[in-house]
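A quick write-up on the structure given underneath.
The values are calculated or read from the model by the stated rules, or taken from the named source; none is laboratory data. What you see is a predicted model, and the numbers here were worked out from it, not measured in a lab. Here Cβ is always computed from backbone atoms with ideal geometry, including for glycine, and neighbour counts include all displayed protein chains. Please note that ligands, DNA and RNA were not included when accessible areas were found on the heavy atoms of the full protein model with its side chains. Shrake-Rupley method; radii C 1.70, N 1.55, O 1.52, S 1.80 Å.
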Amino acid sequence: MNTVGQDFYPSSEKTLIISNSSIAEKISKVVGAKILPLKAALDPQTPFNRFELVIYVCAVPIAVRAIAKLQLDKAKDPAIVCVDETLAHCVVLLGAHKGGNQAARYLETTLNIQPVITTASDLIGAPALDQIPNYHVQGDLASVQRRINETKPVTLIANDSKEVPKVLDALPNLDDNRQDYVIEVERHGAHLRGESNKGHVLLTKRRLVLGLGCSSDCSPDELSQLVQNSLGMINADLTQVLSAATIDIRKSHPAVLSLGLEVKTYGADQLRNVQVPNPSQVVDDVVGTTSVAEAACLLGASVGGKLVLEKQRSAKATVAIAQTQNRGTVSVVGIGPGSPLLRTRKSEIALRTAEVVIGFEGYLNLCDDTLTPGQLRLSYKIGDEIERVDRAINEAANGATVALVCSGDPGVYAMASLLFERRSILAKAESFDVEVVPGVTAALAAASTSGAILGHDHAYISLSDLLTPWALIKEALIKIAPTHLALIFYNPRSKNRQHQFREAMEIMQSIRGAETPVLVAKAVSRVGQRTWITSIGNLDEETIDMETVVIVGGPWTVVDKDVIYTRRGYKGPSD
Ligand code: SAH
């Protein structure tokens, strides 16, 4: 399968587990994939090319012999990893940079399986040229990558510095005098010239977005043929394609999926509002918009994108092509409370496709399994929020795709609002796009560990008075305490901020009573998670720190053994 799209792990439909051991079910639980016995996997009829990740759960020699019997092809074969039957180690066998290393890291964060990674760039932290999001690399990758891994100088040639991928900023010594090892960055669509490319690679940015339309019975071959022909008409090929775009009802159509591209989808109501050269009443009658292919690629190419090929059609498919402008984006990404299992798919895509990833170092470590050595990673200490946001703004204003990483949700006591504020102060609102990618906020993850304390109305309050005067926080507490709202406390208590939590609980106790039930949740979905149910009167403040959420119940909150939930007011049979 073609892997032009970056979005390929973990996708349960495209992952296969091969094992004779029942322990494989544990892996299946976290990746959601089907398990085949070793014998079935050796059957030549098993369509390996349909998968992008294969996980063998057995000893490495068994996996290696099994793989040796397969007819694999470097361009198409899946990433292959092998996990031993005690779930101690995960060895990356094939396709390290096509999802293998990411899979191994994912299994480390979800099941604590030790990854065994042998690709040098990942181990020494050198930029990997074949991992740069949104770029295509051609030429003598092996020699130039080896040179980079050895931290020896290479020559960088670029006509337009804006086209240079950000990760190359991290190269130790760029040598402009010698020409033995050259990284050339050229405009979109350029090809390497000449016979010998020894020591020479060419990087080009992918810019094309394919707009796809097809009837429900369109075959993969028909769509693929039309895509090839359409690209040929503008002298392009799949290596220049960034993503595909279509109407939401075709999201899982086999012909669309078979292209192996990241697919963006839009509803008929969004497509209907796009001005296109070739609207069609027939299409409108069937799907409720006069254009799918042209409108979808224009939306997919975002602000400044332009149509470079109008709608082409075959019997059952349509294709149009748009080209993105060199315009940057900041995605403010919420990675959830910790574990990859509580991350949204959209946030994983935003993390994986960013050229620059910016965040507090602890949060970057939490999403390490999704990041690649092709990205420029800028990690900050806690407290440098303005600096972080301004760096993201500057990178995006220069055309980069940036992920600004937040824990939980980026709009809940996090960086999204600061980003909007700073882009206005710096007068840069027009120079880049912003996308807020939601995540599971700590309160939701905390409540779910022990029932449903947030089952009815509730309010969030942060006890940090670094930015809000304590008097204001206290006033809000005094007003909320007499209501029926469950109350969630973020930033409850730190080494230097202790009286606030004590005072807050005193207020709650004086109004709600010492018996009021409380859920305490520490390091939710992280190593060392601990949650317990107590009451305001029995709460030990020494157990509360900055990795803790405290949720005080309301009058309808009930404790039932190890569960705490808030009733929604349904009447029982006796009422
Ligand atoms: N944007 C984050 C909140 C940032 S404020 C979110 O939506 O979750 C930081 C506070 O969030 C911490 O002091 C703590 O109260 C809470 N918090 C964040 N992650 C947590 C976790 N995994 N477990 C417990 N509390 C957490």
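Just a few scattered comments:
- For the chain, the solvent-accessible area works out to 45 Å² per residue, with a probe of 1.4 Å and every protein chain left in place.
- Here residue 460 sits with roughly 80 square angstrom of accessible surface, probe radius 1.4 Å.
- With the simple spin-label model, which puts each label point 7 Å out from Cα in the Cβ direction, the residue 527 to residue 85 separation comes to 2.9 nm.
- Dipole moment magnitude, nearest 20 debye, the chain about Cα centre, only Lys, Arg, Asp, Glu C-beta charged: 460
- Amide N proximity, the stretch 147-163 versus residue 394 label position 7 Å along Cα-to-Cβ, cut-off under 19 Å: 161-163
- Accessible heavy-atom area order of 423, 567, highest first, probe of 1.4 Å: 567, 423
- Accessible area of the chain belonging to carbon and sulfur atoms, whole % at 1.4 Å probe: 50
- Between the beta carbons of residue 510 and residue 468, assuming R0 = 25 Å, the FRET efficiency works out to 0.70 to the nearest 0.05.
- Nearby lysines by direct alpha-carbon distance to residue 561 (threshold 24 angstrom, same-chain neighbours under 8 apart not counted): 522, 571
- Accessible area of residue 352 (1.4 Å probe, protein heavy atoms only, ligands and nucleic acids ignored): about 10 Å².
- Quotient of C-alpha Rg and 2.2 N^0.38 Å, computed over the chain: 1.07
- Here is the P(r) of the stretch 129-205: all C-alpha pair distances, binned every 10 Å from 0, give 20, 60, 20, 0 in whole percents.
- Rg to Rh quotient for the stretch 209-323, alpha carbon positions, Kirkwood Rh: 0.91
- Rg/Rh (Cα only; Kirkwood hydrodynamic radius) as it applies to the stretch 15-118: 0.92
- A simple packing score, the average count of other Cβ atoms within 10 Å per residue, orders the peptides 286-298, 150-162 as 286-298, 150-162, with the highest score first.
- From the C-alpha gyration tensor of the stretch 142-268, square roots of 5λ in Å: 37, 15, 13
- The tail of the calculated P(r) for the stretch 394-463, taken as Cα-Cα distances beyond 19 Å, holds 47 percent of the pairs.
- Just so you know, the averaged projected area of the alpha carbon convex hull for the stretch 45-197 sits at 11.4 nm².
- Debye-sum result for the stretch 328-440 in log10 I(q)/I(0), which assumes one identical scatterer on each alpha carbon, at q = 0.10, 0.16, 0.19 Å⁻¹: -0.23, -0.60, -0.87
- Charge dipole of the chain about the Cα centre (unit charges at C-beta), most positive-ward option of 24, 200, 535: 24
- Cα→Cβ-extended label distance, 7 Å offset, between residue 124 and residue 50, nm: 4.2
- Remark: the residue 151-residue 561 segment gains 141.7 nm on full extension, using 0.36 nm per residue and subtracting the alpha carbon distance.
- Hull volume in cubic angstrom per residue (convex hull over the Cα atoms of the stretch 446-566): 96
- By the Cβ rule of 4.7 Å, the chain holds the following cysteines without a possible disulfide partner: 58, 82, 90, 297, 367, 406.
- Links that overshoot a 21 Å alpha carbon limit, given the list 76/152; 162/205; 152/198: 76/152
- Distance between the 7 Å Cα→Cβ label points at residue 571 and residue 479: 3.4 nm.
- Unit charges at the beta carbon, dipole of the chain: most positive-side option, 518, 476, 263: 263
- Rounded FRET efficiency, nearest 0.05, which uses the C-beta distance separating residue 281 from residue 387 and R0 of 35 Å: 0.05
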